[in-house]
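The values are calculated or read from the model by the stated rules, or taken from the named source; none is laboratory data. Bear in mind that the values here come from a model prediction, so they are computed numbers and not experimental data. Cβ sites come from the backbone with ideal geometry, for glycine too, and all protein chains shown count toward neighbours.
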């Protein structure tokens, strides 16, 4: 049984995102107070704020870590229409900042005409690449040609989704059988337009991303989207946070390798849960893709797990104050501290308000 720890985050406004680094020993938070805070986990398990700085001139929606192979690098995106890349520099701070890490702005990406709603680094095997999506309906993919110089980023691709974009997720598979793939979610308010999730696949022949699939059954606003880690599977698993939690299975159908047409998929709904009974704001997989965590406006984090029959069930619930919800057996749900704090939890429980 894990213990939930509460952190006095000291943000002056709503926290919109919480992001762990690759090892789970560092955490970044961002807020409408236009700041980012970085937290480091001490030897006794406590979280200490090691950096806090003003980043954007508007609400900061998302913050994300690059793989540590590329150094200590963060990216953030904001209502101010920009995404920014930050790098940690150790040993260059003055006496007043001793003990505090020093984060340098390496570049500001200014291509979006509207609020930049999500930012994600590509899987490590693709090199140092960064993807943004915006309310203007465009997904942009940038690349740092020299990983030693993070001030230089080139815009490699612009994908127009025709819908206001709210969230993105890279397919993490490094298999040569799978082309690079991005899932894009939309919170477009037009209820008559189906297909709020679109899948784009990179084609080696055309050197462009093309739409491979649209999940037409997702018609409500999508707040978060997450491909499950792919540990050698031939198919892909995608979790979606909308008015409920949904898990989709995407099975690639055989295709002619000489064709420039994108892969077609057989789309199956593995699970759909409305247990939050409210808007669901975040979904997150564990590293082995066996457990999915979700959080919603009911103020709870819920854990979902599949049995050997591939039937998904809720295996644990944690309230916003960190206390477990006890089941009928009197045993608490087996839930780890998925989030580091109750205040962070509030961010994942619908405090986005984009």
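Of the strands (runs of 3 or more DSSP E) lying entirely inside the range 11-60, those carrying at least 2 residues that are farther than 23 Å from residue 285 by Cα are 35-41, 47-54. Which members of the range 307-325 meet the condition of being crowded, with 16+ Cβ neighbours inside 10 Å and touching a helix residue (DSSP H, G or I) at 6+ places or on another chain (Cβ under 7 Å)? Result: 320, 322. Kindly evaluate residue 299 against the criterion of being touching a strand residue (DSSP E or B) at 6+ places or on another chain (Cβ under 7 Å), farther than 21 Å from residue 218 by Cα and at pLDDT below 50. Answer is no for this residue. From the residues in the range 98-112 that are touching a strand residue (DSSP E or B) at 6+ places or on another chain (Cβ under 9 Å) and more than 13 Å from residue 83 (Cβ to Cβ), which one is surrounded by the fewest Cβ atoms within 10 Å (Cβ to Cβ)? My answer is 99. For the range 143-161, the tally of residues that are surrounded by 13 or more Cβ atoms within 10 Å (Cβ to Cβ) and closer than 30 Å to residue 247 by Cβ stands at 3. The residues in the range 296-306 that are surrounded by fewer than 19 Cβ atoms within 10 Å (Cβ to Cβ) and within 16 Å of residue 323 (Cα to Cα) can be counted, and the count is 2. For the range 188-196, the count of residues that are outside the structural domain of residue 235 (by TED's automatic domain parsing) and crowded, with 22+ Cβ neighbours inside 10 Å is nonzero.
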